[in-house]
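Here the structure comes first, spelled out in structure tokens, and everything after it is commentary.
The values are calculated or read from the model by the stated rules, or taken from the named source; none is laboratory data. Every value quoted in this text rests on a predicted model; they were computed, and no experiment measured them. Each accessible area value is taken on the protein alone, full model and side chains, heavy atoms only, with ligands, DNA and RNA left out. Shrake-Rupley method; radii C 1.70, N 1.55, O 1.52, S 1.80 Å.
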Amino acid sequence: MVEQNTIKEFLETLSSKAPVPGGGGASALAGALGNALGQMVANLTVGKKKYAAVEAEIQELLAKMEGIQKEFVRLADRDEEVFAPLAQCYSLPSSTEEERDYKAQVMEERLYDASQVPMEIMERAVEMIEILDILADKGSRLAVSDVGVGVQYVRTALLGAVMNVYINTKSMKNRERAEEINRKAQSLVKEGIEQADAVYGKVLAGLM
């Protein structure tokens, strides 16, 4: 499991010839890093008299971020889990028409499954960007730069994950289903990137 690896172990495996982890797992961990920075800002905000008016709201955001953090880590592991059966498809026999039909059917199902994990990473990333937007306005001013750093990590998670969506939908034979997934992914990218860039710009303007 990803959470049981040291950073050194994860990087060594990621840089090796091993099929997993890959871009999907790295994207999920980028989201987790951005989330952790958000939690840090929230933890530096709660309990301070200066921010007493937003204490309850920040505590609520902390609870949400803890849940999202667990999801990012789960999805990093899940990305590895769905890749293995997809990779196995390529070695299925295809000598007869019946074998080819079966292989195509199984491939289609596993490509779909593999596209759904990065979609979930994207959804969690958009949720996290919304939280970071609030923290940019209401979090501790002493750590507002970390909101800017965090939103860039989560932005990377979003744009990284969409690559894994597209590489799977590109191979799907059911183009209607594939295009439906692509449209949802494009919508998440548009929503998330616009907000992430706005958050970063807001933080940067406050630091200049």
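Table for the structure above
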quantity: Helix-derived mean residue ellipticity, 222 nm - over the chain, DSSP H n ≥ 4, -39500 (n - 2.57), to 500; calculated: -29000 deg cm²/dmol
quantity: Carbon plus sulfur fraction of accessible area for the chain, probe 1.4 Å, in percent; calculated: 55
quantity: By accessible area with a 1.4 Å probe, ligands and nucleic acids excluded, highest first: order of M122, M163; calculated: M163, M122
quantity: Extension gain from R141 to E179, taking 0.36 nm per residue of separation minus the Cα-Cα distance; calculated: 9.4 nm
quantity: Shape metrics for region 139-203, restricted to C-alpha atoms - Rg then Dmax, Å; calculated: 15.3, 52
quantity: For L92, residues with placed amide H under 5 Å, excluding near neighbours; calculated: none
quantity: Rounded accessible area of S187 (nearest 10 Å², 1.4 Å probe); calculated: 70
quantity: Prolate/oblate/rounded call for region 82-124, Cα gyration tensor, a/c under 1.5 rounded; calculated: prolate
quantity: The chain: DSSP helices with Cα axial extent of at least 30 Å and average Kyte-Doolittle hydropathy no lower than 0.5; calculated: 23-45, 144-169
quantity: Residue-level accessible surface for T13, protein heavy atoms, 1.4 Å, Å²; calculated: 50
quantity: With eigenvalues of the C-alpha gyration tensor scaled by 5 and rooted, region 106-184, Å; calculated: 34, 10, 8
quantity: Stretch gain in nm, segment D197-A56, where the contour uses 0.36 nm per residue and the Cα spacing is subtracted; calculated: 48.1 nm
quantity: Kirkwood hydrodynamic radius of region 19-82, from inverse mean 1/r over distinct Cα pairs, in Å; calculated: 12.8
quantity: Flagged links, alpha-carbon separation over 18 Å, of K17/K70; K17/K173; K49/K138; K48/K138; calculated: K17/K70; K17/K173
quantity: Descending principal axes extents, region 1-158, alpha-carbon based, whole Å; calculated: 73, 29, 21
quantity: Exposure of S16 as accessible area (Å², to 10), given a probe of 1.4 Å and all protein chains; calculated: 60
